[in-house]
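Worksheet for the structure shown next.
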Amino acid sequence: MNVKQAYDYSVLFLKANSVDEPEFKAKNIVCSIAEITLNDFILHKDDFIATKKLADYLWRLKSGEPLQYILGKWDFYESEFYVGEGVLIPRPETEELVEHAVNKAMTIKNPTIIDLCSGSGCIGISIAKKISNSKVYCIEKSEKAFSYLIKNCNALDNVIPINDDISNNIVTDMADIIISNPPYIKSNEIKSLQKEVQFEPKIALDGGTDGLDFYRIINDKWFERLKKNGYLILEIGNEQGTVIKDILTNFNNTTVIQDIFKNDRIVIAKRD
Ligand code: GLN
């Protein structure tokens, strides 16, 4: 089977099994197996493709496994991150969080940044890559996720990975920016999320009974690690803006910002 035939077959198979985005997923798996970029698809349309691997990938997609886990890596911000079972898949909304942090960090000489609940490290590592004179702490509790974080920060000497719970405030440095995309789904709502999300680690999604546990920890334990005039930048659920403003009592000038889909998604606060 060649690349083009494999693509056509995959689209048919995915459609027949009601998998969403069949063309997008088919193209991604076929290009991954053929070891070509998406842009080179036409150029390599007559290349031979390994059908055993294709069948395996198609069955995994049919089962609901996220495309990103099958590919083993995913683009985020300006680079590619290793992902797989046990680590949250980086989301496009989160890139906006990084953009805000990068813009602020650029105005600070040798900024120190702390990324809480780092997961794959996509936030902290993206900032560290963009701002080479920064020092970025990445704190992640799950050992599985931490193993991806370590792989993703390969050869970057301005990232300090720490495998710990954010309830244990073990960083002694003071930060110019504290950033986090913590778990923020209510425990009892996780079951109702789409099939693909069920493959992702609960620990990365579950924010406790009201979804807000981690914002309380950040307010209580991390305020003292932020320098005066430093920024707190957090991702939030789209209905959490008002209540999180009330939780962040230690911080000042708390502002809620919407993402490109016009959902409340980011909170920025300051320490005066
Ligand atoms: N910081 C990581 C991300 O944004 C992981 C977040 C999490 O585990 N909740 O993808």
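The values are calculated or read from the model by the stated rules, or taken from the named source; none is laboratory data. No experiment lies behind these values; they were computed from the predicted model shown. Every residue, glycine as well, gets a Cβ built from its backbone with ideal geometry; the counts of neighbours run over all protein chains shown.
Number of residues in segment 126-162 that are touching a helix residue (DSSP H, G or I) at 6+ places or on another chain (Cβ under 8 Å), more than 10 Å from the ligand (Cβ to nearest atom) and aliphatic (A, V, I, L, M): the value is 5.
Number of residues in segment 87-122 that are over 20 Å from Lys227 (Cα atoms), in a helix (DSSP H, G or I) and β-branched (Val, Ile, Thr): the value is 1.
For segment 127-148, give me the residue count where each residue is closer than 21 Å to Gly207 by Cα and without any contact (Cβ under 8 Å) to a residue 40 or more places away in the chain.
So the count comes out to 5.
Quick check on segment 65-117: of everything there that is small (Gly, Ala, Ser) and surrounded by fewer than 17 Cβ atoms within 10 Å (Cβ to Cβ), which residue is nearest to the ligand (Cβ to nearest atom)? Among those that are small (Gly, Ala, Ser) and surrounded by fewer than 17 Cβ atoms within 10 Å (Cβ to Cβ), it is Ser79.
Criterion applied to Gln240, Gln194 was being within 15 Å of the ligand (Cβ to nearest atom) and either over 17 Å from Gly119 (Cα atoms) or of a type in the set (Lys, Arg) (or both), and the one residue passing it is Gln240. Scanning segment 217-245 for residues that are surrounded by fewer than 17 Cβ atoms within 10 Å (Cβ to Cβ), of a type in the set (S, T, N, Q) and at negative phi gives Asn238, Thr242. The residue that is nearest to the ligand (Cβ to nearest atom), counting only those in segment 202-216 that are assigned to a helix (DSSP H, G or I) and buried (at least 19 other Cβ atoms within 10 Å of the Cβ), is Ala204. Within segment 54-64, the set of residues being surrounded by 13 or more Cβ atoms within 10 Å (Cβ to Cβ) and either hydroxyl-bearing (Ser, Thr, Tyr) or modelled with pLDDT under 95 (or both) comprises Tyr57 only. For segment 174-197, the set of residues classified as out of contact with any Asp or Glu (no Cβ under 8 Å at 6 or more places or on another chain), assigned to a helix (DSSP H, G or I) and either charged (D, E, K, R) or at pLDDT below 95 (or both) consists of Glu189, Lys191, Lys195, listed by residue number.
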